[in-house]
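Below is one structure, written out as structure tokens, with a few remarks after it.
The values are calculated or read from the model by the stated rules, or taken from the named source; none is laboratory data. None of the values given here were measured: they were computed from a predicted structure. We place every Cβ from the backbone using ideal geometry, glycine too, and count neighbours over all the protein chains shown. Quick note on the areas: whole protein, heavy atoms, side chains included, nothing else; ligands and nucleic acids left out. Shrake-Rupley method; radii C 1.70, N 1.55, O 1.52, S 1.80 Å.
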Amino acid sequence: MCEKKKFTMMDESFICEICGRKVEKLNYTARDHCNFCLFSKHLDVNPGDRNSSCQGILEPVSVEKGKKDRYKIVYRCKSCGAIKKNVMAIDDNFDKILDIIKNNSI
């Protein structure tokens, strides 16, 4: 039987290592990337578990439509090359989203 991925709610404020801005909690789901520059950090094996030993920078490389018409930002880790996906947040910088769609693909 296939084990379902585990999700640990980790909605935390943080300072983005890329743009230096303070990123506030989402307060409706887990915050997992900077809403200003859209970069993230390779912290998790399963969402919210903080068990990744990599700790590399996750660069947004693409956007894809997921289930229930939710869009996801596709990331590539600059350290280990892993591909990760995070659901877009309601306060994400839409101009950056458009730039990713226009300029990048995996």
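Kindly indicate whether Gly48 is touching a residue at least 24 places away in the same chain (Cβ under 8 Å) and open to solvent by less than 60 Å² (accessible area, probe 1.4 Å).
yes
Test Leu26 against the criterion of being out of contact with any strand residue (DSSP E or B) (no Cβ under 7 Å at 6 or more places or on another chain), of a type in the set (A, V, I, L, M, F, W, C) and part of a helix (DSSP H, G or I), and give yes or no.
When the stated conditions are applied, Leu26 does not pass them.
Each row is one residue, and each column tells you yes or no for (1) within 18 Å of Phe94 (Cβ to Cβ); (2) surrounded by 13 or more Cβ atoms within 10 Å (Cβ to Cβ).
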{"site": "Ser13", "(1), (2)": "no, no"}
{"site": "Lys22", "(1), (2)": "no, no"}
{"site": "Asn35", "(1), (2)": "yes, yes"}
{"site": "Leu43", "(1), (2)": "no, yes"}
{"site": "Ile57", "(1), (2)": "no, yes"}
{"site": "Pro60", "(1), (2)": "yes, yes"}
{"site": "Val63", "(1), (2)": "yes, yes"}
{"site": "Gly66", "(1), (2)": "yes, no"}
{"site": "Lys72", "(1), (2)": "yes, yes"}
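Sort out which residues of the range 35-50 are closer than 16 Å to Lys78 by Cα and modelled with pLDDT of 90 or more, and write them in order of number.
Cys37, Leu38, Phe39, Ser40, Lys41, His42
Within the range 29-57, track down each residue that is over 11 Å from the mean Cα position of the chain (by Cα) and of a type in the set (Asp, Glu).
Of everything in the range 29-57, just one residue is over 11 Å from the mean Cα position of the chain (by Cα) and of a type in the set (Asp, Glu), namely Asp49.
Give me a count of the residues in the range 81-106 that are surrounded by 13 or more Cβ atoms within 10 Å (Cβ to Cβ), assigned to a loop (DSSP other than H, G, I, E, B) and over 15 Å from the mean Cα position of the chain (by Cα).
Result for the range 81-106: 1.
Out of the range 67-76, which residues are closer than 19 Å to Asp99 by Cα and out of contact with any helix residue (DSSP H, G or I) (no Cβ under 9 Å at 6 or more places or on another chain)?
Matches in the range 67-76: Arg70, Lys72, Tyr75, Arg76.
List, please: which pairs have Cβ atoms under 7 Å, are six or more places apart or on different chains, and start with a residue in the range 69-88 that is modelled with pLDDT under 95 and end with one that is open to solvent by 30 Å² or more (accessible area, probe 1.4 Å) and hydroxyl-bearing (Ser, Thr, Tyr)?
Between residues of the range 69-88 that are modelled with pLDDT under 95 and residues that are open to solvent by 30 Å² or more (accessible area, probe 1.4 Å) and hydroxyl-bearing (Ser, Thr, Tyr), the close pairs are Met88/Tyr71.
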